[in-house]
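K.L.:
One structure, as C-alpha cells, below. Some questions next.
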Amino acid sequence: MVRFDLAYGRGVVPVDIPDANLLGSLAPRPMAGVDLPRAFAEAWAHPFGMGDPAASFRRGETVVFVVTDHTRKTPTRLVFPLVWDRLKDRVSCEDVTLVVATGTHRASTDDELEKMLGDLRREFRVAIHNCDRDTVEIGKSRRGTPILVNRLVAEADRVVTIGHVGMHYYAGYSGGRKNILPGVAGRATIEANHAQLSHPKSEACVYDGNPISEEMVEAAKLVGVDFLADVVLNSKGEVAKIVVGEPEAAHAAARQFWDEHCIVPVREKADLVIASAGGHPKDIDLYQAYKAQYTAARAVRDGGIVYLLAACPDGIGHRVFQDWIERSARPADVLCILEREGFKLGGHKAVYHAQDLARIDVYLQSELPAETACRFFYRAATTPGVALDEAKRRFGPSYRVLVMPHAGETFPVVDGA
C-alpha cells in the first residue's frame with residue numbers, strides 16, 4: 001500500500017492505495033520556499049517593466065492597496081510591510097487604504113481579517129469591497145462593457161495590488177489584473193465579463209487571446225495600477241516566487257514560473273482520480289472547491305470517477321450556483337436553465353459541474369449534509385475506500401488510480417497536448 005495524507009479543511013485524510021493500482025501522483029514540481037525579505041528586496045531592486053516602483057509616489061496623494069480576501073492564501077500581512085517600508089518616506093499612513101477585493105464573495109469576517117492582515121488593521125484604514133454598492137464607471141472595455149469599480153480605487157491617486165498567481169479555470173490565471181476585475185469591480189461588470197465563458201479560449205492556463213482575461217487587463221489599465229507585488233505559493237503555502245513591477249510584465253514572469261512547476265504531464269488518464277482541493281481556505285465552500293474538481297476531471301477517463309476531498313465548512317458559497325442546481329432534477333437541466341435564462345454569475349459553475357457529470361461520476365467527502373451533497377448530484381462519501389471499491393467493481397482488479405494532493409494548483413496535460 002502507498003499512503004497519502006491529503007489536506008482536508010484544517011486537517012488531513014489518510015488514503016491507502018494498493019501499489020499495483022497506483023498510476024501516480026500528480027503534484028506541482030518542487031518549489032522551495034524563499035527567504036521572503038531577501039527575495040522581496042531582490043524583486044524590488046529589479047522590477048519587471050519599470051524603474052523604481054516608488055519614484056512616482058508623492059506625499060499628500062491618496063494610495064489604495066488592493067489585497068485579496070479570505071478565499072485566497074496571499075500572505076498579505078507579510079508582503080505589505082515589505083512594500084510599505086519602501087514607500088513610507090513618500091506616503092502618509094493617513095492617506096492609505098487597504099481595500100479587500102471580494103469580487104462577488106461574502107465580506108470577510110473579523111476573524112478572517114485578523115488572519116489576513118493582523119496589526120495592519122489597526123495601523124491603516126481597511127475597506128471591504130461590496131460589488132453592489134458605491135461603484136463608479138471609469139470607462140468601457142473594447143467590447144463595450146461598462147467598467148464599474150470601487151469608488152475608493154477609482155478616485156485614488158495611486159493604486160497597488162498584492163495578490164498571488166496560479167491557475168484559474170476560465171480567466172487563465174489568478175493574480176495581477178484579477179485584483180481589479182473581478183476583485184473590486186461592480187456586479188454588472190463582473191457578470192458581463194464572465195459571460196464570455198463559452199469562448200474556446202476562456203480556459204485554464206490560456207492568457208493571450210482569452211477574452212475574459214483581456215477585458216480584465218483593460219480594467220486594470222483604466223484604473224491605472226501603478227505596480228503589483230504578486231507571489232507564487234508552493235504546496236505548503238510558502239512563498240516560492242515574488243515579483244514586483246509593471247502589472248503585465250510582472251504577472252508574465254509569475255505565470256512563467258507557475259507553468260514551469262505546475263503544468264504536469266499525464267501519460268494516461270486514470271479510472272479513478274482522488275483529489276484534494278488543498279485544504280483551508282481552498283475548500284472553504286463548494287464554490288471555491290470546484291476548481292479542484294475541474295482539474296481532476298482533466299485526468300480521468302470518460303466513465304471514470306473523481307473522489308473530491310473538500311470540507312466546505314461555509315456550505316455552498318454562492319446563491320446562484322445553489323439556485324440553478326436546486327431547480328434541476330438532473331444535471332442536464334442546468335444546461336436548460338442556461339439556454340432559457342442566459343448567463344448568470346454563479347450559474348456558470350453549475351454548468352461546468354453538469355458538463356463534468358455528463359462524462360464522469362464524482363464522489364464528495366465534505367462537512368455538507370449527505371442530502372445536500374446528493375442534491376448537488378454528488379455521491380456523498382465519508383471515506384475514499386468507497387471510490388476504490390467502486391473502481392475495482394467497475395473496471396476490474398487492474399483499475400488505475402491517480403492522486404492529486406493539490407488539485408487546484410495542478411494542471412494535468414495528457415500526452416503533452
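K.L.:
List the residue pairs whose Cβ atoms are under 8 Å apart, where the first residue sits in the range 393-417 and is in contact (Cβ under 8 Å) with a residue 40 or more places away in the chain, the second is assigned to a helix (DSSP H, G or I) and among the β-branched types (Val, Ile, Thr), and the two are 6 or more positions apart or on different chains.
P.N.:
The qualifying pairs are Met404/Thr295; Ala407/Thr295; Gly408/Thr295; Thr410/Thr295; Phe411/Thr295; Pro412/Thr295.
K.L.:
So which residues in the range 187-201 are at pLDDT 90 or above, out of contact with any strand residue (DSSP E or B) (no Cβ under 7 Å at 6 or more places or on another chain) and either in a helix (DSSP H, G or I) or crowded, with 20+ Cβ neighbours inside 10 Å (or both), if there are any at all? Steps first, answer last, please.
P.N.:
First pass over the range 187-201, keeping only residues at pLDDT 90 or above: 187-194, 196, 199-201.
If we keep only those that are out of contact with any strand residue (DSSP E or B) (no Cβ under 7 Å at 6 or more places or on another chain) too, we end up with 187, 190-194, 196, 199-201.
Within the range 187-201, Arg187, Ile190, Glu191, Ala192, Asn193, His194, Gln196 qualify.
K.L.:
Looking only at residues that are of a type outside the set (Gly, Ala, Ser) and touching a residue at least 60 places away in the same chain (Cβ under 8 Å) in the range 31-49, which one is surrounded by the most Cβ atoms within 10 Å (Cβ to Cβ)?
P.N.:
If we take residues in the range 31-49 being of a type outside the set (Gly, Ala, Ser) and touching a residue at least 60 places away in the same chain (Cβ under 8 Å), then Phe40 is surrounded by the most Cβ atoms within 10 Å (Cβ to Cβ).
K.L.:
Please go through (1) within 30 Å of Val91 (Cα to Cα); (2) touching a Leu at 6+ places or on another chain (Cβ under 7 Å) for Leu6 and return the number of the only condition it doesn't satisfy.
P.N.:
It is condition (1) that Leu6 fails.
K.L.:
I would also like to ask the following. For the subset of the range 337-361 comprising residues that are at pLDDT 95 or above and either exposed (fewer than 14 other Cβ atoms within 10 Å of the Cβ) or not assigned by TED's automatic domain parsing to the domain that holds Pro384 (or both), which member is nearest to Phe321 (Cα to Cα)?
P.N.:
Here the answer is Ala358.
K.L.:
Next up: For the range 203-237, how many residues are surrounded by fewer than 20 Cβ atoms within 10 Å (Cβ to Cβ), of a type in the set (Gly, Ala, Ser) and under 25 Å from Ala277 (Cα atoms)?
P.N.:
The total comes to 3.
K.L.:
Is it the case that some residue within the range 191-205 is of a type in the set (Ser, Thr, Tyr) and within 19 Å of Thr68 (Cβ to Cβ)?
P.N.:
Among the residues of the range 191-205, not one is of a type in the set (Ser, Thr, Tyr) and within 19 Å of Thr68 (Cβ to Cβ), which makes the answer no.
K.L.:
Of all the helices (runs of 4 or more DSSP H) wholly in the range 65-181, which have at least 2 residues that are more than 19 Å from Phe227 (Cα to Cα)?
P.N.:
Of the helices (runs of 4 or more DSSP H) lying wholly inside the range 65-181, those with at least 2 residues that are more than 19 Å from Phe227 (Cα to Cα) span 110-117, 120-123.
K.L.:
In addition: How many residues are more than 30 Å from Val153 (Cα to Cα), small (Gly, Ala, Ser) and part of a helix (DSSP H, G or I) if we restrict to the range 9-63?
P.N.:
Summing the residues that are more than 30 Å from Val153 (Cα to Cα), small (Gly, Ala, Ser) and part of a helix (DSSP H, G or I) in the range 9-63 gives 1.
The rows are residues; the columns are (1) farther than 24 Å from Arg58 by Cα; (2) over 19 Å from the mean Cα position of the chain (by Cα); (3) in the same structural domain as Ser92 (by TED's automatic domain parsing).
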position: Cys131; (1), (2), (3): yes, no, yes
position: Arg142; (1), (2), (3): yes, yes, yes
position: Ala154; (1), (2), (3): no, yes, yes
position: Gly166; (1), (2), (3): yes, no, yes
position: Asn179; (1), (2), (3): no, no, yes
position: Gly183; (1), (2), (3): yes, no, yes
position: Arg187; (1), (2), (3): yes, no, yes
position: His199; (1), (2), (3): yes, yes, yes
position: Ala204; (1), (2), (3): yes, no, yes
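The values are calculated or read from the model by the stated rules, or taken from the named source; none is laboratory data. Computed from a prediction, not measured in an experiment: that's the story for all the values here. Cβ coordinates were reconstructed from backbone atoms using ideal geometry, including for glycine residues, and neighbour counts include every protein chain displayed.
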